[in-house]
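The values are calculated or read from the model by the stated rules, or taken from the named source; none is laboratory data. The structure displayed is predicted, hence computed values, not measured ones. All Cβ positions, glycine included, derive from the backbone under ideal geometry; neighbour counts span all protein chains shown.
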Ligand code: SF4
């Protein structure tokens, strides 16, 4: 971009964020916020000049608009594509359904169309080939791996819907024009490698109106293959049998290619300026690109990236670079194999005796894996972690690995039979999956790189009501991987969150070192809220009499919470770091609180959304929560007037990843407490605090019952990381800090 064009764009952004700027005309209730304008200018500078910028923007800054306007300016002026990644679905929906449509009004006034789309992982889309194949084969069978009657009914209903929805909407491609055995996850075509759009001879960016593009959203009343829009409620396990995935996609050779739901959804992306994705999809795309040397990808090419909710990025990267072996995975593979063995084609060559023997082998392998998982899970000590680190090698019976290799060899012999191209693809895919599983089990058995660059553990889990206990592994650090494969490939990136910094001295150091961003630029913006006036932070004087790790601390907590509820008229979140502690306290004070007229809600008694909506409806409830209520919860107004933090949110030290990383740092001469536990706790505490003040008119109190914040030397760093509220040690002060209830409370309480 020329210097003059760059300056014009900078001016446009600067003017748009003024008190009477252009944004006022397109955003209902727009208010000038100097922090937002400052962030937008810094984001623009990074996007236009290149580089990487970290921005911490306090609650209320309006950071999404502060990066969206510069992103759309970049797209409109240079044709570059911008990928925006978030952690939560809520934020994605806000960007796609509210913020971008508002900004589009601004661009329409300039005569420029901006295209955007929410990109979902391919697992959201039904694979027509898999579904039709299953439908033809599986419904005929009745055994351990076949469907139940209710499942059969659902599948038939789905079949009718698909038959009325699926139409050939894509140009047929000549399968032979693509290299043999190349199955592209994403067939980008219209973009340059840097992610910019091809230009027409007049040099204009391709910015055709959104409704001229093929759309993944059905405007015809037909279902578009997206599970989120499916009205038939399938159990998650059943959906995963039909959902699209890279390993079973035939790509150019698929007989359903012209009507493929996934391809149809992806076909519009090449023409989008802004792609909104989640961190998981962003990392899956990255991993696939790295593993295939850039030949396969899930997203179109891009060189400009904005990561919001960036404090979640590192854990998501770590999780997605790891491995997972569950009995559910093996069961699914076994089911696929037996279905294939019984298919009409293979049944001509494979006798019943052979199939029965294969079934016995597979059932034996499943039992063996489940026995191993059960025995390892006995080491799990706490409900907080549900994980136990694997430290002993050779815990997997060689016979299990050998059985899987034998099945892979058996499946391989099926390729000698006279099969169709699709059947050969299925058989090859099964063979590959067995080999991969056996190799991964070998890796777990040897604990390769344990404690050096990898950590291994067993985890108790469930998915959609089904047990999904698994052997898991992940890298200990992801900084080098990101530096080498992501940051170095980008022209510019902005990472932002309300919680990126810790303390006042070198506040970005923790996030920089975790993400491999040592030389990134920094911008820390306060909140437009007047915390000194709107909030008080109370560390009660009498809390100093208790050791937070002693049993009488919980008795103190049980005594003080009803007092706090009296002072704030309910309207409290009480945040714990342990289910056990929460259950004990709730059990001992539930009756007391309810007798005082304060309804009690507890995490686990309903979904998070249901509990939150009940909390807002009641207006005087006390809600007890553990992990998921510390962040991402938005209760503006006086229904939430007080947040009680029972204990400082230090990570569970026996979590396998935390344990292994601590050992690694100690061996490197680093202090794990200062390098990890403390910054993590500071960020989480800041998130918890952030639940309180959501608007300029909110008032309230945060009460920290853990005395260590006042008595330990590290308490200073934790306090420095929090918004600048008035500090008190008198519990009574919180009554003056909260707004009176704005409406009568609801006495009708249905937990
Ligand atoms: S192209 Fe791939 S995802 Fe689409 S129907 Fe065929 S196999 Fe399924």
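Structure data summary
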{"item": "Matching helices (runs of 4 or more DSSP H) fully within segment 56-138 where at least 3 residues are away from the ligand (no atom under 16 Å from the Cβ) and surrounded by fewer than 22 Cβ atoms within 10 Å (Cβ to Cβ)", "result": "63-78, 89-94, 100-109"}
{"item": "Strands (runs of 3 or more DSSP E) completely within segment 517-579 that count 3 or more residues being modelled with pLDDT of 95 or more and assigned by TED's automatic domain parsing to the domain that holds residue 702", "result": "535-538, 572-575"}
{"item": "Single condition residue 13 does not satisfy, out of (1) farther than 15 Å from residue 63 by Cβ; (2) not assigned by TED's automatic domain parsing to the domain that holds residue 517", "result": "(1)"}
{"item": "Filtered residues of segment 708-729 (kept if assigned to a loop (DSSP other than H, G, I, E, B) and in contact with a helix residue (DSSP H, G or I) (Cβ under 8 Å, 6 or more places away or on another chain))", "result": "714, 722, 723, 724, 725, 729"}
{"item": "Odd one out for residue 418, checked against (1) more than 25 Å from residue 321 (Cα to Cα); (2) outside any loop (DSSP other than H, G, I, E, B)", "result": "(2)"}
{"item": "Filtered residues of segment 310-325 (kept if part of a strand (DSSP E or B) and out of contact with any helix residue (DSSP H, G or I) (no Cβ under 8 Å at 6 or more places or on another chain))", "result": "324"}
{"item": "Residue ID - modelled with the highest pLDDT, chosen from residues in segment 347-365 that are buried (at least 19 other Cβ atoms within 10 Å of the Cβ) and more than 34 Å from the chain's Cα centre (by Cα)", "result": "358"}
{"item": "Residue check for residue 405: modelled with pLDDT of 95 or more, more than 31 Å from the chain's Cα centre (by Cα) and part of a helix (DSSP H, G or I)", "result": "yes"}
{"item": "Which listed residue, of 20, 49, is free of Cβ contacts under 8 Å to residues at least 12 places away in the same chain and either surrounded by fewer than 19 Cβ atoms within 10 Å (Cβ to Cβ) or in contact with a helix residue (DSSP H, G or I) (Cβ under 8 Å, 6 or more places away or on another chain) (or both)", "result": "20"}
{"item": "Conditions (1) over 24 Å from the mean Cα position of the chain (by Cα); (2) free of Cβ contacts under 8 Å to residues at least 12 places away in the same chain; number of the one not met by residue 291", "result": "(1)"}
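Per-residue answers, yes or no, for (1) surrounded by fewer than 20 Cβ atoms within 10 Å (Cβ to Cβ); (2) touching a residue at least 24 places away in the same chain (Cβ under 8 Å); (3) within 20 Å of residue 700 (Cα to Cα):
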{"residue": "536", "(1), (2), (3)": "no, yes, yes"}
{"residue": "539", "(1), (2), (3)": "no, yes, yes"}
{"residue": "578", "(1), (2), (3)": "yes, yes, no"}
{"residue": "600", "(1), (2), (3)": "no, yes, yes"}
{"residue": "610", "(1), (2), (3)": "yes, no, no"}
{"residue": "623", "(1), (2), (3)": "no, yes, yes"}
